[in-house]
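A short write-up of the structure that comes next.
The values are calculated or read from the model by the stated rules, or taken from the named source; none is laboratory data. All of these numbers come straight from a predicted model, not from anything done at the bench. Backbone-built Cβ (ideal geometry, glycine too); neighbour counts: all protein chains shown. These accessible areas exclude ligands, DNA and RNA; they are computed on the full protein's heavy atoms, side chains included. Shrake-Rupley method; radii C 1.70, N 1.55, O 1.52, S 1.80 Å.
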Amino acid sequence: MKLLGDRFRSAVGSSFGDDCPFDEQWIKPCNDPRFGDYQFNGALPLAKSLQKKPRDIAETLAGCVELADISAPLEIAGPGFLNIRLTNAYLSNALTSIPAGETSEYDRLGLQFDEAAETVVVDMSSPNLAKEMHVGHLRSTVIGESVSRILEFAGHTVERVNHVGDWGTQFGMLITHLRDVQPDVISDPDSLAIGDLEAFYVAAKKAFDSSEDFANRARQAVVQLQGGDEETLAVWRAFCDESLRHCHAIYDRLGITKLEDRGESFYNDQLAPTVQELTDAGMVETSDGAECIFLDDFKNRDGEPLPMIVRKSDGGFNYSATDLAAVRHRLRDVGATRLIYVVGIPQQQHFAMLFAAIRKSGWAADSVRLEHLAFGSMLGRDGKPFKTRDGGTVKLKNLLEEAVQAARAAIDERQGDDDDRALSESQKQAISEAVGIGAVKYADLSHSLTTDYRFDMEQMLSFEGNTAPYMLYAYARIRSIGRKADIDLDALPADAPITIEHDAEIALAKMITRFPEVISQIVRDLRPNVLTEYLYELTKAFSRFYDRRHGVRVTDAEPESTRMSRLRLCQITARTIKSGLYLLGIDTIEQM
Ligand code: ARG
């Protein structure tokens with residue numbers, strides 16, 4: 001917690017000198033709430049660097065740290081841990097001081113993150129344009145968007161880059177096929193419409209494999225494309241634009257609006273200078289006719305040095321060269337100080353080598369972070385690779401449509417039991433869209449990144465457990481409390497004091513005040529499942545708070561000041577859930 005960090009930092013400074021080491025990570029939430037809410041774990045590392053006993057350090061700090069407005073008197077535990085227990089007065093103040101909601105894109109709940117603002121490039125989604133987006137692109141897109149939103153929320157500038165595969169030999173084949181089947185595209189590129197990119201690719205490949213003449217023309221097209229032939233480039237561009245339109249239809253449905261298309265071809269004229277610069281630095285060697293970078297610590301299975309090839313023996317630059325040029329561009333032209341690649345685990349070695357090469361080149365200052373946010377695969381419900389019934393790849397478009405339809409069925413079923421809540425057709429459609437798309441995203445983000453997970457529509461659409469429908473329903477339910485109390489939750493006076501007394505209020509208030517730490521943690525380690533877990537705990541704390549038996553009265557609480565205080569707690573809980581879901585890329589609905 002930031003406030004505790006500030007207080008301990010100054011206590012350590014005044015006790016042991018301002019250049020005494022300090023780490024905010026020394027303050028952690030307690031694992032066991034019986035010991036307290038937070039623990040200061042710094043006495044042990046401090047003891048080491050100061051050559052003192054940890055217990056003495058803990059005693060010194062307990063005596064001087066100013067926490068009277070935050071915590072009950074500190075307890076020293078074990079070899080020198082300090083246990084901190086938030087007081088009700090602190091919780092009441094912290095919540096009362098949350099300003100009224102903002103009406104901008106998202107509600108920051110008055111939070112300030114005072115880390116130095118960075119420019120971050122998030123490389124995400126990045127399908128190959130030759131084909132249709134398939135389920136394999138879902139994770140990169142959804143994780144990339146969530147991480148980007150969280151970084152922006154914390155005050156960083158984020159550039160989301162779609163590093164699409166729009167270059168390479170397969171485009172010769174596609175261009176040739178396009179010329180054959182839609183010759184008008186040359187004079188009128190806007191006339192192009194490909195209904196099914198997958199079928200188009202298959203037809204092109206079939207022509208390539210079965211006709212010598214076609215194959216020759218395709219190879220010729222590659223040469224023309226690389227040589228900058230205007231007409232060939234125009235056909236290529238028409239194809240890429242059409243393929244990108246397909247991608248953006250999906251991005252629109254996923255609510256992804258700030259993704260910048262900057263494909264591999266963007267770096268074409270920077271490939272030679274990039275490799276030249278590395279050659280001048282003595283990093284490039286020729287091996288078997290190919291230009292390679294050899295890096296320490298990278299060996300093949302036989303223990304021999306493993307090269308990072310940047311230019312093939314036929315003179316063509318490859319995927320690695322493009323990524324080197326892209327890093328150079330992001331560092332020098334974009335001015336990024338943090339580069340995040342949201343790409344599956346199979347490319348781990350590629351990124352390890354890329355980053356090692358960048359470190360060796362000296363292009364990136366030591367403080368620049370280069371991160372491969374690697375994720376596991378999405379598997380079918382049976383735990384096997386996710387495929388259609390006849391073994392084909394599942395198009396992302398179809399998967400999303402299926403999820404929305406399944407959500408619709410679930411909503412119709414629930415409606416059946418409850419005639420009071422008759423919803424109009426357009427409401428039902430909007431709810432199905434939010435629930436279906438939200439469920440797919442939430443399921444993805446709630447799994448730890450590196451494990452493979454099973455795509456289980458039934459489970460992700462369940463209204464119980466850690467799912468999007470549960471979260472969305474919890475949110476809509478809190479909003480309905482406002483309607484029930486005949487009050488506009490958004491219009492509650494922001495200065496009405498919140499008083500925290502009852503156990504269920506205390507537990508809820510503690511969860512709410514943890515929100516900024518959760519965000520800070522994800523800014524550091526980029527794990528969105530920390531946020532889904534937090535939101536789940538928060539909604540559970542709210543359920544206890546609102547429970548007739550174990551919680552408190554809300555809409556009919558007396559006196560009025562208590563009713564107001566509790567309604568404000570409802571409002572702030574709803575805002576926290578809404579902000580949290582926004583940061584996962586999920587839209588809330590007011591009524592369900
Ligand atoms: N287009 C690549 C693929 O589909 C992913 C690109 C990831 N980003 C990057 N800068 N290499 O495998």
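Taken as a whole, the condition of being touching a Leu at 6+ places or on another chain (Cβ under 7 Å), without any contact (Cβ under 8 Å) to a residue 40 or more places away in the chain and not basic (Lys, Arg) applies to ALA439.
When each of GLU159, GLU145, GLU105, GLU118 is tested for being more than 12 Å from the ligand (Cβ to nearest atom) and touching a His at 6+ places or on another chain (Cβ under 7 Å), the lone residue that passes is GLU118.
Sub-6 Å Cβ pairs linking a first residue in region 300-326 that is among the hydroxyl-bearing types (Ser, Thr, Tyr) to a second residue that is assigned to a loop (DSSP other than H, G, I, E, B) and at pLDDT below 95, at least 6 apart or interchain, are SER313/GLY289, ordered by first then second residue.
A residue that is more than 28 Å from ARG160 (Cα to Cα) and in a strand (DSSP E or B) can be found somewhere in region 375-389. Give the residues of region 22-79 that are more than 26 Å from ASP503 (Cα to Cα), part of a loop (DSSP other than H, G, I, E, B) and open to solvent by less than 70 Å² (accessible area, probe 1.4 Å), sorted by residue number. Hits for region 22-79 are PHE22, ASP23, ASN41, GLY42, VAL65, GLY78, PRO79. When ASP412, ASP452 are screened for being surrounded by fewer than 16 Cβ atoms within 10 Å (Cβ to Cβ), touching a strand residue (DSSP E or B) at 6+ places or on another chain (Cβ under 6 Å) and not polar (S, T, N, Q), only ASP452 passes. The number of residues in region 313-337 that are more than 15 Å from the ligand (Cβ to nearest atom) and either surrounded by 15 or more Cβ atoms within 10 Å (Cβ to Cβ) or small (Gly, Ala, Ser) (or both) comes to 5. If you check LEU50, LEU129 for being more than 16 Å from the ligand (Cβ to nearest atom) and farther than 28 Å from ARG527 by Cβ, only one passes: LEU50. Being within 28 Å of PHE113 (Cβ to Cβ) and in contact with a Lys or Arg (Cβ under 9 Å, 6 or more places away or on another chain) holds for only one residue in SER565, SER579, and it is SER579. Residues in region 88-107 that are under 19 Å from LYS2 (Cα atoms) and surrounded by fewer than 17 Cβ atoms within 10 Å (Cβ to Cβ): ASN88, ALA89, ASN93, SER97, PRO99.
PHE113 fulfils the conditions (1) among the hydrophobic types (A, V, I, L, M, F, W, C); (2) within 30 Å of ILE512 (Cβ to Cβ); (3) more than 14 Å from the chain's Cα centre (by Cα); (4) surrounded by 24 or more Cβ atoms within 10 Å (Cβ to Cβ) except for a single criterion, (4). Only residues that are farther than 23 Å from ASN128 by Cβ and within 15 Å of the chain's Cα centre (by Cα) were counted in region 156-190, giving 3. Checking each residue in region 257-292 for being of a type in the set (A, V, I, L, M), away from the ligand (no atom under 16 Å from the Cβ) and part of a strand (DSSP E or B) picks out VAL284, ALA290. If only residues of region 338-367 that are within 21 Å of ARG527 (Cβ to Cβ) and open to solvent by less than 10 Å² (accessible area, probe 1.4 Å) are counted, the one that is nearest to the ligand (Cβ to nearest atom) is TYR341.
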